[in-house]
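*Asks:* Pasting in a structure now, in C-alpha cells, and then I'll have a few things to ask.
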C-alpha cells in the first residue's frame with residue numbers, strides 16, 4: 001500500500017514533466033524534412049528549439065503570475081487585451097523616437113496601471129472577477145484599436161517613420177546562448193515567482209486566500225491587498241508579454257494578444273492548478289506552457305489543418321483528466 005501511494009505521489013508531482021518528455025520524444029522521432037519550419041528535419045535541432053522559445057516568450061512570462069492569481073482563487077480574462085495594448089504602446093513609443101529603456105519602463109508602467117484597474121474593480125468595487133475582467137478585456141482592446149490609425153492594422157514603420165534598429169533585438173536577437181532577451185526575462189520572472197511562491201509572504205498568502213478566504217482573514221491576512229497585488233503582477237507580466245510579441249513581430253498589433261487569456265487558463269490548469277484556488281505551482285505551469293507551444297508549433301505542423309483544433313482539444317482533455325485522476329488518488333488516505 002505504501003509503495004502504491006509512493007508511485008501515485010510521484011506521478012502527481014512529476015506527471016507534467018513526463019508528458020513533456022513523451023511529447024518531445026514523439027516529435028523528435030517524426031520525419032520533418034518536408035516542413036521548412038524545421039531546419040534539417042529534426043525537431044531537436046538547436047535552431048528549432050530557439051525559434052520555439054522565441055515564439056513562446058509571451059505565454060512563458062505570463063504563466064507564473066497567472067498561476068499565483070488562480071491559486072488565490074481569482075482570474076483575469078483581460079490578460080490578452082492588456083498584452084495587446086502594451087504591444088501597441090511599446091511600438092508607438094519606439095516609432096516616435098523613445099529609446100529602449102524608457103520605452104520598456106513606460107510600457108511596464110502601463111501594465112501596472114492595467115493590473116491596478118482590475119484589482120480596483122475586483123477588490124474595491126467588489127465586482128465578480130469574471131465580470132470585471134470581461135469589462136476590461138473590451139476596454140483595453142478598444143483602446144488598443146483606437147491607438148492605431150484608421151486604414152492601418154498595426155503600429156509599424158511607414159509614413160516617414162521607421163522603427164529603430166534595436167526594436168527587434170529584444171524578441172529576436174540572441175543575447176545569451178543564442179536566446180533573445182525576451183526568453184531570458186521570462187525565465188528570470190518564472191524563477192523569481194517560484195522563490196516567491198515557496199518562500200515569500202505573497203506566495204503563502206495567495207495559497208491561504210485561495211484555500212480558505214475566511215480563515216485567511218481571521219488569521220490577519222489582508223486578502224484584498226494580496227489579490228490587488230496579484231492583479232498588478234499579472235498586469236506587469238502582460239506588459240512584458242506585449243513587449244516580447246511586439247519586438248518579435250516588428251510591430252504593435254492591437255490583436256496580438258487575442259486568445260491569450262484562454263491559453264493562459266489552459267496552461268495553468270494543465271500544470272495542475274486548481275480552478276477553485278488554493279493549489280498550484282508556478283514551475284508546473286511553465287512546463288505546461290512548453291507543452292502547449294510544442295503542440296501548437298510542433299505536432300500541428302504535421303497534423304492536417306482541419307484536425308488541428310481536435311488534436312489540441314483531445315490532448316488537453318487527456319492530460320487534464322489524467323492529472324485529475326492522479327490528484328484524487330494522491331489525496332486519499
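The values are calculated or read from the model by the stated rules, or taken from the named source; none is laboratory data. Worth saying up front: this structure is predicted, and the values here are computed from it rather than measured. Reconstructed Cβ throughout: ideal geometry from the backbone, glycine too, with neighbour counts over all protein chains shown.
*Asks:* Does any residue of the stretch 214-222 turn out to be in contact with a helix residue (DSSP H, G or I) (Cβ under 7 Å, 6 or more places away or on another chain), touching a residue at least 40 places away in the same chain (Cβ under 8 Å) and in a helix (DSSP H, G or I)?
*Replies:* no
*Asks:* Name the one entry in 295, 240, 290 that is modelled with pLDDT under 90, part of a helix (DSSP H, G or I) and closer than 27 Å to residue 24 by Cβ.
*Replies:* Working: 240 fails: modelled with pLDDT under 90; 290 fails: modelled with pLDDT under 90.
So the residue among 295, 240, 290 that is modelled with pLDDT under 90, part of a helix (DSSP H, G or I) and closer than 27 Å to residue 24 by Cβ is 295.
*Asks:* Here's something else I'd like to know. One residue is enough: does the stretch 127-143 have a residue meeting the conditions under 30 Å from residue 50 (Cβ atoms) and crowded, with 20+ Cβ neighbours inside 10 Å? It would help to see each step written out before you state the result.
*Replies:* Initially, the stretch 127-143 is screened for residues under 30 Å from residue 50 (Cβ atoms), giving none.
Taking every residue of the stretch 127-143 in turn, none turns out to be under 30 Å from residue 50 (Cβ atoms) and crowded, with 20+ Cβ neighbours inside 10 Å.
*Asks:* Only one of (1) surrounded by fewer than 20 Cβ atoms within 10 Å (Cβ to Cβ); (2) at pLDDT below 95 fails for residue 270. Which number is that?
*Replies:* Failing condition for residue 270: (1).
*Asks:* Take the residues in the stretch 180-197 that are farther than 18 Å from residue 239 by Cβ and out of contact with any helix residue (DSSP H, G or I) (no Cβ under 6 Å at 6 or more places or on another chain); name whichever of them is surrounded by the fewest Cβ atoms within 10 Å (Cβ to Cβ).
*Replies:* Per the criteria, the residue is 195.
*Asks:* Just to be sure before I move on: is residue 156 within 30 Å of residue 98 (Cβ to Cβ), surrounded by 15 or more Cβ atoms within 10 Å (Cβ to Cβ), in contact (Cβ under 8 Å) with a residue 24 or more places away in the chain and touching a strand residue (DSSP E or B) at 6+ places or on another chain (Cβ under 8 Å) in the structure I sent?
*Replies:* yes
*Asks:* Would you mind stating whether residue 289 is under 28 Å from residue 152 (Cβ atoms), crowded, with 17+ Cβ neighbours inside 10 Å and under 15 Å from the mean Cα position of the chain (by Cα)?
*Replies:* no
*Asks:* Taking the stated definitions as given, is residue 94 surrounded by 16 or more Cβ atoms within 10 Å (Cβ to Cβ), at pLDDT below 95 and part of a helix (DSSP H, G or I)?
*Replies:* yes
*Asks:* Among the residues of the stretch 136-168, what is the count of those that are in contact with a helix residue (DSSP H, G or I) (Cβ under 7 Å, 6 or more places away or on another chain) and farther than 16 Å from residue 89 by Cβ?
*Replies:* 3
*Asks:* Just checking, which of 232, 148, 226 is in contact (Cβ under 8 Å) with a residue 24 or more places away in the chain, closer than 20 Å to residue 113 by Cβ and surrounded by 21 or more Cβ atoms within 10 Å (Cβ to Cβ)?
*Replies:* Selected residue: 226, the only one of 232, 148, 226 that is in contact (Cβ under 8 Å) with a residue 24 or more places away in the chain, closer than 20 Å to residue 113 by Cβ and surrounded by 21 or more Cβ atoms within 10 Å (Cβ to Cβ).
*Asks:* Go through the stretch 12-45 residue by residue and tally those that are over 19 Å from residue 293 (Cα atoms) and at pLDDT below 65.
*Replies:* Going through the stretch 12-45 one residue at a time, the tally reaches 3.
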